[in-house]
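Notes for the one structure printed next.
The values are calculated or read from the model by the stated rules, or taken from the named source; none is laboratory data. Quantities reported herein were computed from a predicted structural model and do not represent experimental measurements. Cβ: placed from backbone, ideal geometry, glycine included. Neighbour counts: every protein chain shown. All accessible areas refer to the heavy atoms of the entire protein, side chains included, with ligands and DNA or RNA removed. Shrake-Rupley method; radii C 1.70, N 1.55, O 1.52, S 1.80 Å.
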Amino acid sequence: MSKKLVIVESPAKSKTIGQYLGDDYIVESSVGHIRDLAVVGPGGLGVDVENDFKPTYVVLDDKKKVIHKLNKALKDVDEVYLATDPDREGEAISWHLAETLNIKDQKVYRVIFNEITRKAISQAFEVPGEIDRDLVNSQETRRVLDRIIGFKLSKLLQSKIKSKSAGRVQSAALKIIVDKEKEIAAFIIEEYYEVYAEFEGVVAKLNKLSGKEPTISTKEESQKLLDSLNTEFVVDSIETKPTTINPKAAFITSTLQQMASNKYSFSPTRTMKIAQSLYEGIDIGNETVGLITYMRTDSIRLSDTFIDEAKAFITGKYGKNYYGNQRKSANKQNVQDAHEAIRPTSVLRTPESVKKYLSAPEYKIYQLIYVRAVASLMKAKKTQTTAMLLQNNEATFRVASTKQLFDGYLKLYKVLEKENDVDELDLSIYKVGDVLTSTKIYDKQLFTTPPARFTEARLIKEMEDQGIGRPSTYAQTIQTIKNRKYAEIKEKKFYPSEQGTLTIEKLNQYFSEFISSSYSKDMETLLDEVAAGRVERLSILNDFYQYFMPLVDTANSKMEKVKPKETGEECPKCGSPMVFRVGKYGEFKACSNFPKCKHIKQNENKDKPEVLNTNVICPTCNKGTLVLRTAKKGKNKGKEFLACSNFPKCKYISPLKVEKERCTNCDNVMVTNEEGITYCIDENCGSKK
């Protein structure tokens with residue numbers, strides 16, 4: 001029987017799939033993308049604008065050996081199955097493989113599955129399909145569009161204000177951070193007062209004043225009100241209302257990243273790496289199995305198969321009255337709905353049953369996904385709220401108590417998030433007309449607070465709400481903003497840097513439409529139309545280019561170059577002012593008369609260089625990140641190496657060789673592996689040498 005070649009993206013995925021398919025299949029990995037747009041032609045775009053935006057692709061340097069290996073495997077097979085991820089990017093990778101490999105007489109099939117389990121793989125290979133050219137066209141349109149915007153704007157900003165890069169999604173996200181900072185700066189703090197009345201075991205808050213919402217702005221106003229009140233309050237009304245609280249939907253990419261950030265302080269990049277490993281396969285006893293479905297999705301839909309399995313599990317463990325599946329929420333607009341929400345591949349693999357096979361971070365993410373998906377199919381929580389209004393002259397005070405009637409989905413979900421909306425206050429002892437004597441009436445001085453800065457979780461939610469980017473781009477976009485030093489995180493919140501603020505200021509002046517959330521959202525909708533085969537890629541690119549390029553020309557001619565900031569010192573060689581400049585190794589002081597005078601002031605802190613953090617998670621402890629250090633003694637004295645920031649608790653040292661030159665794209669560390677391949681340590685950057 002002839003052999004069949006299966007190509008996936010990652011080695012972990014190939015290992016899992018290989019054990020399901022048997023000896024007739026050879027499973028190989030492309031290790032991600034195999035080619036990308038070249039940096040050739042006018043502006044280095046790699047796109048022939050005059051010839052229908054025809055792209056020129058080149059095989060990535062580190063993938064030439066991979067291509068050779070795949071071509072060698074092709075000689076012994078009659079059929080090729082392209083089993084890359086079930087999204088547009090995965091479809092594009094399959095297409096690039098089909099275009100690049102030396103496929104001649106072999107039949108080529110596209111295989112799609114949303115989870116890596118024996119059943120799902122078997123079903124997918126029983127009904128293979130073809131590469132979806134519409135999906136490929138959509139992804140290619142996005143790549144060409146973003147290459148033109150990114151290259152043109154980045155070159156402009158580098159020459160004018162020394163900013164490193166700009167982009168359609170990146171700059172729209174940065175604008176959100178900068179706009180919030182402006183809002184905070186413009187905020188005026190105002191004083192206000194709240195008034196309370198205490199009774200035995202009861203505290204009531206001023207609710208209405210002469211039938212209107214109370215607005216007490218000064219101490220004088222508050223004191224006047226306090227003086228008008230007597231100690232006797234009359235019960236004016238008691239009202240009891242039932243409340244139904246539905247479970248949250250199963251995770252999509254953005255909500256998973258938000259929850260992991262809020263609960264565990266995981267960055268979006270770290271969350272997606274962990275989810276990727278859970279999807280591709282974990283060794284469970286004698287087999288390797290994917291524990292979750294595909295983690296890049298914006299759909300809250302769950303399959304009928306999973307719903308049936310969850311129903312049996314819920315009713316068996318908690319009782320029939322706990323199964324709900326009454327969620328009728330529709331997906332939001334601008335949602336691709338290509339596949340399911342993120343869920344466990346088997347409801348029987350509870351977090352506790354697989355905990356011993358998982359690292360601590362993997363267990364945390366799996367527990368989030370499992371509990372959220374199963375709980376989403378349980379009955380709503382039911383509570384009863386009793387509100388009592390007390391009258392005192394023109395003032396109405398309110399006190400409320402909540403009683404839980406049925407815990408519903410909280411039976412399972414409480415392991416993640418305890419909801420403290422139940423108290424022991426018993427208001428049933430009161431009736432309308434009762435007179436309560438207050439033991440204390442007092443006010444509280446408060447001040448309005450400015451709007452909160454964005455955490456990573458809130459920024460992702462804001463990007464999702466405004467339609468900026470797609471599930472696969474959230475983590476990468478945020479990481480790019482941090483790598484470019486356009487914003488930094490302090491106390492878990494984003495603060496824009498001077499350079500980030502200046503970047504948005506200039507882009508807003510000349511390209512306000514292209515960095516707006518509405519443009520990004522509208523473009524995503526157009527790309528969806530291309531994916532559905534309803535819009536031609538050429539019409540989108542032509543319309544964009546004809547409008548965009550005149551703006552670039554205007555900005556090139558009118559945008560002023562920002563002069564370097566002076567240090568207040570004179571050059572000891574020529575007397576010219578010294579200025580701050582930024583190079584590959586950070587900020588330094590140099591003569592403003594460059595290139596005539598090339599004097600550079602030596603770093604006063606050269607004996608204590610700032611540690612460079614690559615932001616790559618340590619593979620040993622999964623807590624620290626890899627930082628650049630210099631050996632102080634021994635035969636390697638003076639050489640740089642990568643080590644865990646969690647030293648001495650974690651003593652991991654990277655086996656990668658650190659290069660002298662930094663990445664020209666993101667200024668991070670360049671490393672060389674054992675195969676002699678040199679690349680940027682930041683996988684979101686992807687630069688190669």
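Worth a mention:
- Flag set for Gln391, criterion: modelled with pLDDT of 95 or more and surrounded by fewer than 18 Cβ atoms within 10 Å (Cβ to Cβ).
- Scanning the stretch 100-124 for residues that are assigned to a helix (DSSP H, G or I), over 19 Å from Ala12 (Cβ atoms) and either touching a Phe, Trp or Tyr at 6+ places or on another chain (Cβ under 7 Å) or touching a residue at least 40 places away in the same chain (Cβ under 8 Å) (or both) yields Thr100, Ser122.
- Selection from the stretch 218-234 of residues that are open to solvent by 50 Å² or more (accessible area, probe 1.4 Å) and assigned to a loop (DSSP other than H, G, I, E, B): Asn230, Thr231
- Candidate set: the stretch 42-61, residues that are within 18 Å of Leu153 (Cβ to Cβ) and in contact with a strand residue (DSSP E or B) (Cβ under 8 Å, 6 or more places away or on another chain); chosen: the one surrounded by the most Cβ atoms within 10 Å (Cβ to Cβ): Val47
- Of the residues in the stretch 174-189, at least one is touching a helix residue (DSSP H, G or I) at 6+ places or on another chain (Cβ under 9 Å), under 30 Å from Pro42 (Cα atoms), at pLDDT 95 or above and surrounded by 21 or more Cβ atoms within 10 Å (Cβ to Cβ).
- Residues (in contact with a Phe, Trp or Tyr (Cβ under 7 Å, 6 or more places away or on another chain) and touching a residue at least 12 places away in the same chain (Cβ under 8 Å)) located in the stretch 457-495: Leu459, Ile460, Glu462, Met463, Ala487, Lys493, Phe494
- Checked against the criterion of being under 30 Å from Pro351 (Cα atoms) and either among the small types (Gly, Ala, Ser) or modelled with pLDDT under 95 (or both), the candidates Ala457, Ala452 yield just one match: Ala457.
- Checking the stated criteria, Glu79 turns out to be outside any loop (DSSP other than H, G, I, E, B) and either at pLDDT below 95 or over 32 Å from the mean Cα position of the chain (by Cα) (or both).
- Screening Lys521, Lys482 for residues that are touching a strand residue (DSSP E or B) at 6+ places or on another chain (Cβ under 8 Å), open to solvent by 30 Å² or more (accessible area, probe 1.4 Å) and in a helix (DSSP H, G or I) leaves exactly one candidate, Lys482.
- Which numbered condition Thr255 fails, given (1) of a type outside the set (D, E, K, R); (2) over 22 Å from Leu410 (Cα atoms); (3) in contact with a Lys or Arg (Cβ under 9 Å, 6 or more places away or on another chain): (2)
- Condition met for Phe233 (over 30 Å from Phe511 (Cβ atoms) and of a type in the set (A, V, I, L, M, F, W, C)): yes
- In summary, Ser171 fulfils each of the numbered conditions (1) open to solvent by less than 40 Å² (accessible area, probe 1.4 Å); (2) over 29 Å from Lys492 (Cβ atoms) with the single exception of condition (2).
- Picking from residues in the stretch 350-366 that are surrounded by fewer than 18 Cβ atoms within 10 Å (Cβ to Cβ) and part of a loop (DSSP other than H, G, I, E, B), the one that is modelled with the highest pLDDT is Thr350.
- Flag if Tyr409 is touching a residue at least 12 places away in the same chain (Cβ under 8 Å), in contact with a strand residue (DSSP E or B) (Cβ under 8 Å, 6 or more places away or on another chain) and surrounded by 17 or more Cβ atoms within 10 Å (Cβ to Cβ): yes
A quick yes/no check of all residues on (1) touching a residue at least 12 places away in the same chain (Cβ under 8 Å); (2) part of a loop (DSSP other than H, G, I, E, B):
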{"site": "Leu507", "(1), (2)": "yes, no"}
{"site": "Ile515", "(1), (2)": "yes, yes"}
{"site": "Leu538", "(1), (2)": "yes, no"}
{"site": "Gln546", "(1), (2)": "no, no"}
{"site": "Leu551", "(1), (2)": "yes, no"}
{"site": "Thr554", "(1), (2)": "yes, no"}
{"site": "Thr567", "(1), (2)": "yes, no"}
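- The stretch 440-470 - residue that is open to solvent by less than 60 Å² (accessible area, probe 1.4 Å) and of a type in the set (Asp, Glu) and, of those, farthest from Leu229 (Cα to Cα): Glu464
- Subset of the stretch 304-327 that is surrounded by fewer than 18 Cβ atoms within 10 Å (Cβ to Cβ) and touching a residue at least 40 places away in the same chain (Cβ under 8 Å) - its residue that is farthest from Pro86 (Cα to Cα): Asn321
- Only one entry in Lys606, Lys637, Lys584 is modelled with pLDDT under 85, under 30 Å from Met272 (Cβ atoms), out of contact with any helix residue (DSSP H, G or I) (no Cβ under 8 Å at 6 or more places or on another chain) and open to solvent by 50 Å² or more (accessible area, probe 1.4 Å), namely Lys584.
- Restricting the first member to the stretch 173-184 and to residues that are under 10 Å from Arg453 (Cβ atoms), and the second to residues that are among the hydroxyl-bearing types (Ser, Thr, Tyr) and not in a helix (DSSP H, G or I), no beta-carbon pair is closer than 7 Å while six or more apart or on different chains.
- Identity of the residue in the stretch 62-76, under 34 Å from the mean Cα position of the chain (by Cα) and touching a residue at least 60 places away in the same chain (Cβ under 8 Å), that ends up surrounded by the most Cβ atoms within 10 Å (Cβ to Cβ): Leu70
- Annotation: of all residues in the stretch 440-479 being β-branched (Val, Ile, Thr) and assigned to a helix (DSSP H, G or I), the one that is farthest from Ala186 (Cα to Cα) is Thr477.
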